[in-house]
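What follows is calculated from the coordinates using simple rules that are stated; it is not laboratory data. This is a predicted model, so every value here is computed, not measured. For neighbour counting, all protein chains shown are included, and Cβ atoms are generated from backbone atoms with ideal geometry for every residue, glycine included.
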Amino acid sequence: MDYQAVLERVAADVAPLIGSGSPAEYIPALAAVDPRRFGMAIADVDGKVYGVGDWRHPFSTQSITKVFALALAMAHGDDSLWERVGREPSGNAFNSLVQLEYENGIPRNPFINAGALVVTDILQTLTGDASSELLEFLRQESGNPDLAFDSAIAESESAYGDRNAALAHFMASYGNIANPVQTLLDHYFWQCSIEMSCADLTLAARFLARHGLRADDSRLLTRSEAKQINAVMLTCGTYDAAGEFAYRVGLPGKSGVGGGIVAVVPGRCTLCVWSPGLDARGNSVAGLAALDSFTTLTGLSVF
């Protein structure tokens, strides 16, 4: 398949939507990003990368890192992770506290903020330095040793992180957080601040298209575990719009409020699109349209 030609067609299709929506406003450092940016990249399973637009421009990955943290926690640990976090769509906003009280501090899935905090807590217990472990993994898989945290983003998240602190303290009251809450929050905010480009993210996520195999062909996850992560991405990866995403795109995907979305075609390729203008549910307007266009043009989906 001529992925470069497909990307150029997709970019033309979504051009009228670029600039639609608004950057995330609850994190001041994200609110200043130019919403007219757009980039998209594809990496095939052999590591060849194709791109269009701002595909090499780094941006704040935010919640996309939750996929990689989950993979590392699963690789280091065992199935006991799923005793502390569920696998069901939430139906509520990504930072909602509503379900935690009547579900005894067990978050619905690992991609809402409460669930991601539990995963980071598990990774912190397993490694002793969750955020650095994650950054090093991303450097290795992307082949980019210059990947780094963005201290301005991390500080902005920390300064406006009262809701995440509330989630962590509430789960700790149910015994579902093992590390000191402040330690957990620090690692979570640093994790979300990692900057990567579309090219970096497509390469880093290839293990999900390669059934658990890393860039060096060593095994990170079993085929079953890679399938499980892809399944949860499909059902829970785009906040409370996962049904709409599955309907329009038909691929496992994970979005972030930095405007990025990563998607996986198992056995074929990974994709990343970035456009900072978000819809009301926190997903990139042009990004969702671009992935919709991609699967429509190519016929590549899990259905």
Unit charges at the beta carbon, dipole of the chain: most positive-side option, 182, 250, 70: 250
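Test of the criteria: in segment 1-104, which trypsin sites (Lys or Arg not before Pro) are in a DSSP loop and have at most 12 other Cβ atoms within 10 angstrom of their Cβ?
Values: sites: 9, 36, 37, 48, 56, 66, 84, 87; in loops: 36, 37, 48, 56, 84, 87.
In loop regions of segment 1-104 (DSSP not H, G, I, E or B), the sparsely surrounded trypsin sites (Lys or Arg not before Pro) are 48.
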Student exercise, the chain dipole from Lys, Arg, Asp, Glu Cβ charges, in Debye to nearest 20: 680
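For residue 155 and residue 280, FRET efficiency with R0 = 25 Å and r from the beta-carbon atoms, rounded to 0.05?
0.40
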Solitary cysteines of the chain, where the nearest other Cys Cβ is not under 4.7 Å: 192, 236, 269
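Taking the Cβ-Cβ separation of residue 140 and residue 79 as r and a Förster radius of 22 Å, what is the calculated FRET efficiency to the nearest 0.05? Before the final figure, lay out each step's value.
On the way: r = 25 Å, r/R0 = 1.15.
Plugging the Cβ-Cβ distance into 1/(1 + (r/R0)^6) gives 0.30.
Once the Cβ-Cβ distance between residue 92 and residue 301 is put in as r, and R0 is 22 Å, what FRET efficiency do you end up with, to the nearest 0.05? It would help to have the intermediate numbers written out before the result.
Working: r = 27 Å, r/R0 = 1.21.
After rounding to 0.05, the efficiency reads 0.25.
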Highest average packing first - 232-240, 140-148, Cβ atoms within 10 Å: 232-240, 140-148
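Pull out the extension gain between residue 215 and residue 26, defined as 0.36 nm times the separation in residues minus the alpha carbon to alpha carbon distance; nm, one decimal. Could the numbers behind the result be given before it?
Working: separation 189, 0.36 × 189 = 68.04 nm, distance 3.55 nm.
Contour length minus Cα-Cα distance gives 64.5 nm.
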Dipole magnitude (debye, nearest 20) for segment 168-303, charges at Cβ of Lys, Arg, Asp, Glu: 440
In degrees, nearest ten, helix 3-14 long axis to first principal axis of the chain (Cα): 80
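Ranked highest first by the average count of other Cβ atoms within 10 Å around their residues, in what order do 165-174, 120-129, 185-194, 294-303 fall? Provide the component values of the computation, followed by the final result.
On the way: 165-174: 17.9, 120-129: 20.3, 185-194: 24.7, 294-303: 15.5.
Top to bottom by mean Cβ count within 10 Å: 185-194, 120-129, 165-174, 294-303.
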Crossing angle, helix 285-298 versus the chain [Cα axis fit, 0-90 degrees, rounded to tens]: 50
